[in-house]
Amino acid sequence: MVTRKRFVWFHSVRPLALMLCAMSPLTGHAGTNYQIYVSNEKSGDVTVINGSDNQVLGTIPVGKRPRGIHASPDGKTVYVALSGTPVAAPPQLDAKGSPIFVRGKDDDDDDAIKSDKSADAIGVIDVAQRKLTGKISAGSDPEEFAISKDGSKLYVSNEDVKAASVINIASGKVEHIVVVGQEPEGVATAPDGKHFYVTCEAGGDVYVVDTTSYATVGHFKVNVRPRTMDFLPRGGIGFIPSESTGELNVIDTVNFAVLKVIPLPANSRPMSVKVSVDGRKIYVSNGRAATISVLDSHTYELLNDIKVGTRPWGIALSPDGKFLYSANGPSNDVSVVDLESNKEVARIKAGVSPWAVAVVPNTQ
């Protein structure tokens, strides 16, 4: 039997306890229901983190050089790009930031001799089992990829052969090969699912591919080493960072052209770009600058420059848009950024050289 005094004490203390829990950086995710998957390029594995308390749930061995990582639309599967091509330093750049290549010699010739092509694949991780359950052949040296809106196909950049592959997930077969420019890197599916984009590092070429005919329907250039792409949910606008020149390109996705080039803060070497859940802000990881830039998605004004870990690379947002996660390669960890306070609130140990991040809503 509960006495009146004990009953009153319980109900007066309980709200205070809940408030203290909400203020804690590590438990402030209360009520969330998602996991963070981190590809670790040099340790050949994927770190799984619980979104509710930032605790590491496990490590999944996947194969050589995992980089691009994305979840299926239903959240039941995580795909990760694997490559047997050795890690190499980026090419030297000229005064304009363009890569310097030796005449008659491809940028990847030396690596081709040492590459283990049997390791090239898209790894398939079952989220419920937290286990690698298979690999899909994905052409040569897959680095990044995107998933079709219906979850049936993968669009993969094949970095060392100047091509992109379209893969049927159910059959595991390459159905189409699209010729693009030198060093294809980022791949992104447009919000309406009618096109996918491929960014090419070396020359700054961006290709737009129709997802029905697989014909190239658009081609334009940005400054060199474009890495990734993201879109406003409506309005026909996309964003592509140019790493070498420290810029963010605003793209007209109706006419396939550059609308505006936005300089980012000094020393920025941008890699990943994400549009906020509500479409009002743009987040850009700035690599060696060790910051995340926050811009207004309509005025393009720089709102904040958030200090995070060493060389933030891939980034992802929580489903509710309250937190951002960045993969910090040299320090082997993941930064957790509270997007209301615009501050890093936690640092989570990952594997060796974390490269990209995918956020997966729990389906159980």
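None of the figures in this text is laboratory data; all of them are computed from the coordinates on show. Everything quoted here is computed from the prediction, not taken from an experiment. Counting neighbours? That spans all protein chains shown, and the Cβs are built from the backbone with ideal geometry, glycine included.
Remarks
- Length gained on full extension, GLU301 to ASN33: 93.2 nm, using 0.36 nm per residue less the C-alpha separation.
- Label point of LEU259 set 7 angstrom out along Cα-Cβ; within segment 183-204, amide nitrogens under 17 Å from it belong to 190-192.
- Over segment 32-361: Kirkwood hydrodynamic radius from C-alpha pairwise inverse distances, Å: 19.5
- Förster-model FRET efficiency, 22 Å R0, ASN168 and ALA119, C-beta, rounded to 0.05: 0.55
- FRET efficiency for VAL179 and VAL345, using Cβ-Cβ distance with R0 set to 45 Å, rounded to 0.05: 0.50
- Alpha carbon centroid spacing (whole Å) that separates segment 180-206 from segment 303-349: 25
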